[in-house]
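The values are calculated or read from the model by the stated rules, or taken from the named source; none is laboratory data. As the structure is a prediction and not an experimental result, all values here were calculated from the model. As a convention, Cβ positions derive from the backbone with ideal geometry for all residues, glycine included, and neighbour counts pool all protein chains shown. Ligands, DNA and RNA are excluded from the accessible area calculation, which covers all protein heavy atoms including side chains. Shrake-Rupley method; radii C 1.70, N 1.55, O 1.52, S 1.80 Å.
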Amino acid sequence: GENVEQHPSTLSVQEGDSAVIKCTYSDSASNYFPWYKQELGKRPQLIIDIRSNVGEKKDQRIAVTLNKTAKHFSLHITETQPEDSAVYFCAASLGGAGNMLTFGGGTRLMVKP
Amino acid sequence: DVKVTQSSRYLVKRTGEKVFLECVQDMDHENMFWYRQDPGLGLRLIYFSYDVKMKEKGDIPEGYSVSREKKERFSLILESASTNQTSMYLCATKILSYEQYFGPGTRLTVT
């Protein structure tokens, strides 16, 4: 089955700096890569996703890049703010019945004011 | 708005007890999922269901079973709870082609 590895497990940045979280996946047939943000005590929520036919996608201060050849994808957050502090999860999906997601281990991002 | 509710936010059970965790969604979605969340391990899929009475094993089904008698309700059952099943349990439903919407979670402690 699919295996997703995520790095780093914790990341501390100063407000205004950029943050980058990286994930690798094992199954070259995976075709969908979402990122979820989980604030303390809350449910995970989708913040951005990318499909395998696209190399990069942006939404205001966040962007995701995908390198299918290397089987890795990354989340980029620019001009970080304290409210960006949360745990971020990457995931990969092979599609098919149920479109199951395989998640990475998570990254705890701390933005220091 | 999608609404996914879980029966309890916090639950404390004893080893060997039978435990039921319930998840209800109000959007008539076919696909529902149960995950457990542990620090450093992310979210791991236990079971999912793509229709009433249909279920598929996820990555870590051992020690768990599920029931889906009605479309809106997906139950996770721990037949005989053990301390290594202490965890946060999250239910999700698939709302768009791929996006999953999560419930608030149940923090289960088995003593």
Item checked: DSSP beta bridges in the range B:6-111 [antiparallel fraction, %, rounded to 5] -> 90
Next item on the list: May I ask you to list the trypsin sites (Lys or Arg not before Pro) in the range A:2-64 that are in a DSSP loop and have at most 15 other Cβ atoms within 10 Å of their Cβ?
Entry: A:Lys42, A:Arg61
Notebook entry, point to check: Taking the DSSP beta bridges in the protein assembly as shown as the whole, what percent of them are antiparallel, to the nearest 5?
Noted result: 90
Notebook entry, point to check: What are the radius of gyration and Dmax of the protein assembly as shown, computed over its Cα atoms and given in Å?
Noted result: 17.5, 50
Check: Of the heavy-atom accessible surface of the protein assembly as shown (probe 1.4 angstrom), what whole percent is carbon and sulfur?
Finding: 48
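Compute the accessible area per residue over chain A, keeping the other protein chains in place, probe 1.4 Å, unit Å².
On the way: 5510 Å² over 113 residues.
I get 49 Å² per residue for chain A.
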Check: So for chain A, what percent of the C-alpha to C-alpha distances run longer than 24 Å?
Finding: 20
Note to self: With both bridge residues required to lie in chain A, what share of the DSSP beta bridges run antiparallel, to the nearest 5%?
What the structure shows: 90
Check: Of B:Lys71/B:Lys94; A:Lys22/A:Lys58; B:Lys3/B:Lys55; A:Lys37/B:Lys55, which pairs sit farther than 24 Å apart, going by alpha carbon to alpha carbon?
Finding: A:Lys37/B:Lys55
Check: Using 1/(1 + (r/R0)^6) with R0 = 22 angstrom and r between the beta carbons of B:Tyr10 and B:Thr83, what's the FRET efficiency to the nearest 0.05?
Finding: 0.85
Next item on the list: Kindly report, to the nearest 10 Å², the accessible surface of B:Glu22 as traced by a 1.4 Å probe over protein heavy atoms only.
Entry: 60
Check: Which whole-Hz couplings ³J(HN,Hα) result when phi for each residue of the range B:19-29 is put into the Karplus expression 6.51 cos²θ - 1.76 cosθ + 1.60, θ = phi - 60°, listed in order with x for Gly and Pro?
Finding: 10, 10, 10, 10, 10, 10, 10, 10, 10, 6, 7
Item checked: chain A: most fluctuating residue of A:Ser74, A:Ser93, A:Ser26 per GNM, C-alpha cutoff 10 Å -> A:Ser26
Notebook entry, point to check: Projected area of chain B, taken from the Cα convex hull and averaged over every viewing direction, in nm²?
Noted result: 6.5
Margin query: Using a loss threshold of 50 Å², tell me which positions in the range A:50-98 are less accessible in the complex than in their chain alone. Probe radius 1.4 Å, ligands and nucleic acids ignored.
Written below: A:Gly98
Check: Counting alpha carbon pairs within less than 8 Å and at least 6 residues apart, what relative contact order, in whole percent, applies to chain B?
Finding: 36
